[in-house]
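Just below is one structure, and these are the notes that go with it.
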Amino acid sequence: MLIIPVENKPDWRHPPVVTLLVILINVWVYVAFAAADEEALAGAFHSYVANQLIVREAEHFRDYADSEPPESYEAMIQLIVVDRGFDAYLAPHLAEDRRWREARADFVNKRDQVTWIRWGLVPGDARWLTYLTSMFLHGGVDHLLGNMAFLFVFGFALERALGMLKYSACYFLGGLAGGALHVLVQAGSFVPTIGASGAVSALMGGYLAVYQLRKIRFFYSVLVYFGEFRAPALIILPAWILKEVYGYVYGDEGIAYWDHIGGLLGGALLGALAVRVSNQVDTDYLETSHREEDSRIHIERLEGLIDDFKFDQARALAARRLSEHPMDVGTWEKYLHVLSANKDDPEYHRAIKQVLRLCTNQQALRRSGVGRLLASTYREYVAGKHPQPALRDPRLLCALGKQFAQTQQLDIAGQIANSLLKAQRREPELAQLLSALCAGLSIAGSGQLARHYRAELAARFPDAV
């Protein structure tokens, strides 16, 4: 059974830097050490066989093994070579035979050069550093790719919501919590635990805790059945934990289920603390998908009214929607479309000014589509053969021009700057517009124009240069 959230899409305007860095480190570690590990393991196997250790150890291994070991010496050697627990079991017996002790020491030295054996987390011999190093080791390409895929799915959204610092704390502290629970439950085991799955589980728990009881979309797959459903995020946490408990009881013994459970619980706690204590979660981003779905429904209703020529109803519906959601780009577009049928209507000009004022709202500017809405609205408005009262506020024009300059829409920024310079305006905000325009033109390679506006800036605002 698989249940994963599909609520938000990656926003590459705000790339998940920490997530991508952690993925790159994991991939680099695997690529850098995989070939050397194969060579070291082959060397350890050769040392064990060459020193004929199986002759002395076969009987001891049969006594040590929990289940009946294979009768074949070759199959038995395969198990012994990677079993660090057998080292401790043999220790009292080695003292009686110096040559045996020396031969085994040579084998152990070669075997412990294998990265995942040396730096994996061994519950029966846990070292503090291995809690961290084990998170970056993987047993194969499938293991690596699976963990990295889940890391990205949960990481890009959680990093955006929490910020890099709190996100990093959730990943690493949650991963340590997963390792600690695994060591506590499997205290007698000498099987090395490796992989980022404990830390990834922490991101899964943190993701649910940050979204709390918001209803979000999940993709599910059960055997050949799959689909989507919406549910409060935290409702899924017990299901994920029960799935891991079931796996521990009935599943593959080679999977560190308690590492996953510890990560889920640790991440959920850290996510809840980030929400409750710091209160610095990007809730606007968390609401993106729900807001887009809600906007889509309203826009479809508006389009239906417009297609049926029910313009008054469409206008009233859009106005109500914008009174509650003043940054809804799609609704603004439909509203302006309806109002533009009568450009003498004062409401049309008031609406234009409201849209243009979004350039002063930093929260609005982070929204997808707002920059496009500002540019298209301004272009269409100034192109019209009608009075333009929405452009009478010079401070608004300065802010608008500065925003266009910073987003490399230099033609519009230049038009606004020229109109203000022609009108002999001297607002301090004009200095900011000219500075932003000079910077944008320099980046675009328009050095001559940049020098022109820099000269205007020096002439009108000498203190700003």
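Bear in mind these aren't lab numbers, they're just calculated from the coordinates by the rules spelled out. Predicted model, so just to flag it, every value in this text is computed and none were measured. Methodologically, a virtual Cβ is constructed for each residue, glycine included, from the backbone with ideal geometry; neighbour enumeration extends over all protein chains shown.
Say R0 is 35 Å: what FRET efficiency, to the nearest 0.05, do VAL224 and ILE54 get from their beta-carbon distance?
According to the calculation, E is roughly 0.15.
Which aspartates and glutamates have a Cα less than 17 Å from the Cα of LYS9, not counting those fewer than 8 places away in the same chain?
Of all the aspartates and glutamates, those that pass the test against LYS9 - Cα under 17 Å, at least 8 places apart if same chain - are GLU159, GLU228, ASP282, ASP284, GLU287, GLU292, GLU293, ASP294.
Which of HIS14, HIS143 has the fewest other C-beta atoms within 10 Å, and how do the rest follow up to the most?
Lowest count first: HIS14, HIS143.
Under a point-charge model restricted to the Cβ atoms of Lys and Arg (+1) and Asp and Glu (-1), what is the dipole moment magnitude of the chain relative to its Cα centre, in debye to the nearest 20?
So the magnitude is around 2900 debye.
Based on the mean of other beta carbon atoms within 10 Å per residue, what is the order of 7-13, 231-237, most packed first?
231-237, 7-13
How do SER134, SER72 line up, fewest other C-beta atoms within 10 Å first?
SER72, SER134
First measure r as the distance between the Cβ atoms of ALA34 and GLU380, then evaluate 1/(1 + (r/R0)^6) with R0 = 60 Å and state the FRET efficiency to the nearest 0.05.
0.55
Which lysines have a Cα lying under 19 Å from the Cα of LYS422, excluding residues fewer than 8 positions away in the same chain?
The qualifying lysines are LYS402.
Rounding to the nearest 20 debye, state how big the charge dipole of the stretch 287-390 is about its Cα centre with +1 on each Lys and Arg Cβ and -1 on each Asp and Glu Cβ.
Dipole about the Cα centre, nearest 20: 440 debye.
Classify the stretch 190-259: rounded, prolate or oblate, from the alpha-carbon gyration tensor (a ≥ b ≥ c, eigenvalue square roots; a/c under 1.5 rounded; otherwise prolate if a/b is larger than b/c)?
oblate
Which one is right for this structure if P(r) over Cα pairs in 10 Å bins from 0, in percent is calculated from it: (i) 4, 16, 22, 23, 20, 11, 4, 0; (ii) 4, 15, 19, 17, 15, 12, 8, 6, 4, 1, 0; (iii) 5, 22, 32, 24, 12, 4, 2, 0?
The value computed from this structure is option (ii).
Under 16 Å Cα to Cα from LYS310, which lysines show up? Leave out anything in the same chain fewer than 8 places away.
Those lysines meeting the cut-off are LYS334.
Net charge near ILE117: determine it from the other residues with C-beta under 12 Å of the C-beta of ILE117, scoring Lys and Arg +1 and Asp and Glu -1.
Taking every other residue near ILE117 into account, the sum is -1.
Say the dipole of the chain comes from +1 at the beta carbon of Lys and Arg and -1 at that of Asp and Glu; which of GLN409, THR19, ILE117 then lies farthest toward its positive end?
Looking along the dipole axis, the top candidate is GLN409.
Could you line up SER197, SER323, SER446 from fewest to most neighbouring Cβ atoms inside 10 Å?
Ordered from fewest to most neighbouring Cβ atoms within 10 Å, SER197, SER323, SER446 come out as SER323, SER446, SER197.
For the chain, find the longest principal axis of its Cα atoms and tell me its angle to the long axis of helix 236-250, 0 to 90°, nearest 10.
Once rounded, the angle reads 20 degrees.
Which residues' amide hydrogens lie under 5 Å from the amide hydrogen of ARG217, considering only partners 5 or more residues apart or on another chain, with H built in the peptide plane?
Answer set, sorted by chain and number: VAL6, GLU7.
FRET efficiency for HIS143 and ALA88, Cβ-Cβ distance as r, R0 = 41 Å, nearest 0.05?
0.95
For ARG460 and GLN362 in one chain, what is 0.36 nm times their gap in residues minus the Cα-Cα distance, to one decimal in nm?
Full-extension gain reported as 32.5 nm.
Angle check, please: helix 311-324 long axis (alpha carbons) against the longest principal axis of the chain (alpha carbons), in degrees 0 to 90, nearest 10.
It is inclined by approximately 60 degrees.
Give me, ordered by chain and number, the residues 5 or more places off THR193 or on other chains with an amide H under 5 Å from its own placed amide H.
Amide H neighbours of THR193: LEU121, VAL122.
Taking only the alpha-carbon atoms of the stretch 1-130, what semi-axes of the equivalent ellipsoid follow from 5 times the gyration tensor eigenvalues under a square root, in whole Å, largest first?
Here the semi-axes work out to 40, 17, 14 Å.
Among 417-426, 352-361, 303-312, how do they line up by average Cβ neighbours within 10 Å per residue, starting with the highest?
Most protected by this proxy first, the peptides run 352-361, 417-426, 303-312.
Peptides 172-181, 263-272: what's the order by average Cβ count within 10 Å, highest mean first?
Peptide ranking by packing, descending: 263-272, 172-181.
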